[in-house]
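Only one structure is covered here, and it is reproduced in the block below.
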Amino acid sequence: MKNTLKKAGYNKVQKQMNDVFLQFTAKLVFFIIIMFSFNLFFAGHYTPGGGFVGGLLAAAALILLVIAYDRKTLENMVPIDFRLVITIGLLFAAGIPTLSFLFGTPFFTHQHTYVEIPVFGEVALHSAVLFDIGVFLTVAATALLIIVLVGEADE
Amino acid sequence: MALIHLAILLPLIAAIAIGVIYRYYKRLHLGWFVLPVPLIIVIYLLTLVPRVSNNQLIYESLAIMPRIGMNFDVYIDGLGLLFAILISGIGALVVLYSIGYLSHKEDLGSFYVYLLMFMSAMLGVVLNDNVLMLYLFWELTSISSFLLIAFWFMKERSLYGAQKSMLITMGGGFLMLGGFILLYIMTGTFSIREMISQVSAIQESPLAPLAVVLILFGAFTKSAQFPFYIWLPDAMEAPTPVSAYLHSATMVKAGIYLVARLTPLFAFSELWVWIILLGGLITMTWASFNAIRKDDLKAVLAFSTVSQLGLIMSLLGLGALSVVTGANEEYFSIAVVAAVFHLINHATFKGALFMVTGIVDHEAGTRSLKKLGGLLTVMPISFTLTLITALSMAGLPPFNGFLSKELFLEAMIDVREANFGALADVSLIFPLLAILGSIFTFVYSILIVYGIFFGKRTYDTPKEPHEAPVLMLISPAILTVLVLVFGFFPNILSGTIIDPAAMSIMASDTPLGTHLYMWHGFANPALWATIFIVITGVLLFYFRDKWMFIYDYHKERFTLNYLYDQGLIYSRFGSRKITDGYMSGFIRSYLVYIFLFFIVMGILTLLNTGIRISFDDMAPVRIHEMAVVLIILVSIGVILATKSRMVSIIMLGAIGFSMSLFFVFFRAADLALTQLAIETVTTALFLVCFYHLPKKSRHQERMRFKLTNFLVSLGVALIVIIIGLTAYSNRLFDRISEFHIENVYELAAGGNMVNVILVDFRGFDTLFETLVFGIAGIGIYSLMKLRLNRKDENSEEHAEESRI
């Protein structure tokens, strides 16, 4: 927050400003948002949600950290190369539909089945979810990459 | 997915594997890992030869987009198999050769990735039955050959050559796609086999001539026929293994393949026969004439390739006559056999010649014929290989080139028998051009051998020449052995490979029973033509100093290359001028252009179709909806009134959140969620962008500027409202959502319709949107990084750029 406001030209605020509250809350809320984004993602096939929203929300959670701390701290907290995540995401998104060739079906024909698991009961397994993982990862990493880059560019 | 699909895609899969491993493994030359790939493919293809030569065709379908008829249908007949064997066989030899040619210091990873990509693309072209997939692979060959030619991208000539080849072949490819679509309009199918079964539909259609011309554009640009041959000599800037591969077996033969494959479709057309026959012969003569004056060995060979391709092309043009006048017309089926046979022969001797040239270049350090000479004693093995292959190229007995060349001359002399259009009246021109071209071919073949190995030994080569290592000699040696084998025992090919291929070109099932032999007796006019060629060729070679001056009259200004260069310069200049006209650097100007265009188009559409708005079945406006609208209006008012940017952005966020409330009211939970997330992220983006925004306040703007903005925004708003209302009031067909509601659970086993549409029903959209998103992210990354790095060097320019 301090950095963000400073960038916005609010120099006076900076001296009295104390980020403790924001930083502490951010740490807690971060996990809640991330969990919620995962929930949205996995529930997507049956209730509102899905890869795109989930990915954006995951990115939003991380952006909260960037605003509360700064980029360096984020890198220490979450040591992931976002470009690699984009690559993996694109690989999933493009690879899963291609795999359907192995089953002799046209491109982008999803397969699904139901499995009985002891605790959860009947669970649907769907290859669309794997494709959605690709969307999730790409969206999250791209959104984050852009914002972090733009924020960083002023040094 | 059948085994043959895997065989086509195997190089691509291997390319991905290479791309991963080459960073971590440096001890062994990467080529050894690549070598098995073409070897496996060629062995697999050779096992198919008995089946195909017994007329058992192989057809494997793999649906990709069945609705639009785009399927990966592999169809193997004699023609496809011949090409596929050439591609993978020569590919294996080229890889083996490249292990000796390219050292560890080169960027081997990229090289082999491009090469494998190229191999896959070529196999895909020649084994496909579906023209859409064929086009896809066709353009992939253009792209991968671009990468291969530009392999030494530090050299300006490489880039120039790569760009030229891509511009020309891709331009031709686009036109060819147009031709394919015309074929689809005429026959209603994308499958070549089904098109062939509907030849009469094409014959009757008035679109046929246009399709012929468009498709021939593709074939002629790819196969470097006159006047498109100019890219091929410049493509010589590629590493020699690539040149050997591209020019002996693959890239340039794709055009030949296309013409051969589509001959049954278009043979009835006089246009087809004339363009190919005459175009091929002109190419052959002109290129062989030009080959003689070149100094660079590779340039000589490049022109030689162009000329040989012209030869094959003209034979195919003549062969088309056999299809239309009936397969029993012996004269023209000989032309097809000659075309197929020469195709094989050319691959063997040209591949070997390129590799030997590479060896000479590698060992002596130069390819200039002026600097080379007298290497006979130094490089005896290379000499033997060159002598055999060059004599084969010249068309001398007892090598394989002689056999096909004789068939060629025979076919050209027999043109007078043709009973097709105006061919008979001008039949003299064809044998004349053929003999003239053959004489020049003879001269430059001799010139290559003489220039490198005979004459005075020159000592000003950059390197001290010596015989090449064994590794580099194996591949050309194998090809030379093939030249000899095919020359002495041509009939091992005729029944197994040549006849099936010729039969598929003529679309006939009757076995040809070709029998090739050296001696046709004294009555054969082709024999006398050959003797005439040899005598004239020797004389021309001996007195070459006396007549070479005619090349000086061919001024630089009158070449096609000059035309191409000028065209390139002026198109660059022109587009730059246009771009400078509207690219002001202010994003708001661009937005105004876009919005103005939208308004004009909107008004035109509305004038055209008329407005019909009815308020009959609109839902009543409820109180909480009004409240949200009020919030939005107030936010807009605040944005207009405030001077602080921060407040504006927060208000913009408020509008976004209110919009998502609307989505909630109308039970579009997914949209609402997305809107919320987007709004959060964009607000954050705005906040971090703050620093970069221009410092000046918008209240300093002039009145005129404000007025334009006001009018534009008013126009956009009106158009959007009208479009929304008319779209609601006019129901022309059933809502598509009914289909989705009914099938969400049945077909996709999902509960959430929006998500099912995203990942399943319209998964393609999502896939490509994700790709775009990812590419945009990486693009922004590289842009920002570049700017950060450049900031210190040129801060003034930086300031200029950030003024958006």
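Reported to the nearest whole Å, the Cα centre-to-centre distance from the range B:720-779 to the range B:142-166 is 41. Placing unit charges on the Cβ atoms only, positive for Lys and Arg and negative for Asp and Glu, gives the protein assembly as shown a dipole magnitude near 3280 debye about its Cα centre. Evaluated on chain B, the Kirkwood hydrodynamic radius is 30.6 Å, with distances taken between all distinct Cα atoms. Positive end of the dipole of the protein assembly as shown (Cβ unit charges, origin at the Cα centre): among B:Tyr229, A:Leu62, B:Ala394, the Cα lying farthest that way belongs to A:Leu62. When you restrict to C-alpha pairs under 8 Å that are six or more residues apart and normalise by the size of the range B:153-265, the relative contact order lands at 34 percent.
When you restrict to C-alpha pairs under 8 Å that are six or more residues apart and normalise by the size of the range B:372-514, the relative contact order lands at 37 percent. Working note: Karplus 6.51/-1.76/1.60 with θ = phi - 60° gives the range B:231-240 the couplings 6, 5, x, 6, 5, 5, 6, 5, x, 4 Hz, where Gly and Pro are set to x. Backbone geometry of the range B:59-75 corresponds, through the Karplus equation with coefficients 6.51, -1.76 and 1.60 at θ = phi - 60°, to 3J(HN,Hα) couplings of 9, 10, 9, 9, 6, 10, 10, x, 4, 9, x, 9, 10, 8, 9, 8, 9 Hz, x marking Gly and Pro. Using only the alpha-carbon atoms, how far is helix B:270-292 inclined from the longest principal axis of chain B? Give it as 0 to 90 degrees, nearest 10. Relative to chain B, helix B:270-292 is tipped by roughly 70 degrees. Toward the positive end of the charge dipole of the range B:548-666, with +1 on the Cβ of Lys and Arg and -1 on the Cβ of Asp and Glu, the farthest Cα among B:Phe663, B:Gly610, B:Thr642 is that of B:Thr642. Computed from label points 7 Å out along Cα-Cβ, the spacing between B:Phe543 and B:Lys463 is 4.1 nm.
The mean count of C-beta atoms from other chains within 10 Å of the C-beta of residues in B:55-62, rounded to a whole number, is 1.
Distance between the C-alpha centres of the range B:1-32 and the range B:328-406: 31 Å, rounded to the whole angstrom. The modelled label-to-label distance for the pair A:Arg83/B:Asn524, using points 7 Å beyond Cα in the direction of Cβ, is 6.4 nm. For the range B:455-471, the Karplus equation 6.51 cos²θ - 1.76 cosθ + 1.60, evaluated at θ = phi - 60°, returns couplings of x, 6, 5, 9, 10, 9, 6, x, 10, 6, x, 7, 5, 6, x, 4, 3 Hz by residue, with Gly and Pro reported as x. Of the chymotrypsin sites (Phe, Trp or Tyr not before Pro) found in the range B:138-218, those in coil by DSSP whose Cβ has at most 16 other Cβ atoms within 10 Å are B:Trp152, B:Phe153. Each Lys and Arg adds +1 at its Cβ and each Asp and Glu adds -1 at its Cβ; summed about the Cα centre, the range B:471-578 shows a dipole of about 640 debye. Under the combined filter of DSSP loop state and at most 12 neighbouring Cβ atoms within 10 Å, the range B:1-70 retains these trypsin sites (Lys or Arg not before Pro): B:Arg23, B:Lys26, B:Arg27.
In plain terms, the chain from A:Gln23 to A:Thr109 could stretch by 26.4 nm, reckoned as 0.36 nm per residue minus the Cα-Cα distance. Proximity of backbone amide H atoms, modeled 1.01 Å from N, is registered between A:Leu125 and A:Thr113, A:Tyr114, A:Val115 at under 5 Å, excluding neighbours fewer than 5 places apart on the same chain. Label-to-label distance for B:Met703 and B:Phe489 is 9.8 nm, based on points extended 7 Å past Cα in the beta-carbon direction. Residue separation of B:Phe573 and B:Ile21 scaled by 0.36 nm, minus their Cα-Cα distance, works out to 194.4 nm of gained length. Inter-chain neighbour count for B:667-674: the average number of beta-carbon atoms from partner chains within 10 Å of each residue's beta-carbon is 4. Between A:Phe38 and B:Ala627, the C-beta separation translates, for a Förster distance of 45 Å, into a calculated FRET efficiency of about 0.85. Per residue, the accessible area of the range B:617-760 comes to 65 Å², computed with a 1.4 Å probe over protein heavy atoms only.
Taking amide H as placed 1.01 Å from N in the peptide plane, the amide H of B:Leu62 sits under 5 Å from that of B:Phe72, B:Asp73, B:Val74, each at least 5 places away or on another chain. Restricted to Cα atoms, the range B:573-630 shows a radius of gyration and a Dmax of 20.2, 60 angstrom. Applying the criteria of a DSSP loop state and at most 11 other Cβ atoms within 10 Å to the chymotrypsin sites (Phe, Trp or Tyr not before Pro) of the range B:422-472 yields B:Tyr459. Based on DSSP H segments of at least four residues, each scored -39500 (n - 2.57), the protein assembly as shown has a per-residue ellipticity at 222 nm of -23500 deg cm²/dmol. A full extension of the chain between B:Glu746 and B:Phe733 corresponds to an added length of 2.3 nm, given 0.36 nm per residue minus the alpha carbon distance. The angle between the Cα long axis of helix B:297-324 and the main principal axis of chain B comes to about 90°, on a 0 to 90 degree scale. Could you report the buried accessible area between B and A, both sides summed, computed with a 1.4 Å probe and given in Å² to the nearest 100? The buried area between B and A, both sides summed, comes to about 4600 Å².
Between B:Ile611 and B:Ala668, what's the calculated FRET efficiency when r is the beta-carbon distance and R0 is 35 Å? Round to 0.05. Calculated value: 0.85.
For a Förster distance of 56 Å, can you work out the FRET efficiency between the beta-carbons of B:Ser584 and B:Ile531, rounded to the nearest 0.05? For B:Ser584 and B:Ile531, the calculated efficiency is 0.20. Where does helix B:78-101 land angle-wise versus the long Cα axis of chain B, in degrees 0 to 90, nearest 10? The angle comes out at about 90 degrees. Taking amide H atoms as placed 1.01 Å from N in the peptide plane, the amide H of B:Gly751 lies under 5 Å from those of A:Tyr46, each 5 or more residues away in sequence or on another chain. Each part reduced to its alpha carbon centroid, the range B:45-121 and the range B:557-599 end up 40 Å apart.
The values are calculated or read from the model by the stated rules, or taken from the named source; none is laboratory data. Remember, predicted model here, so these are calculated numbers, not experimental data. Because the Cβ atoms are built from the backbone with ideal geometry, glycine has one as well, and the counts that use them run over all protein chains shown. We work out accessible area using only protein heavy atoms, side chains counted, and drop any ligands, DNA or RNA first. Shrake-Rupley method; radii C 1.70, N 1.55, O 1.52, S 1.80 Å.
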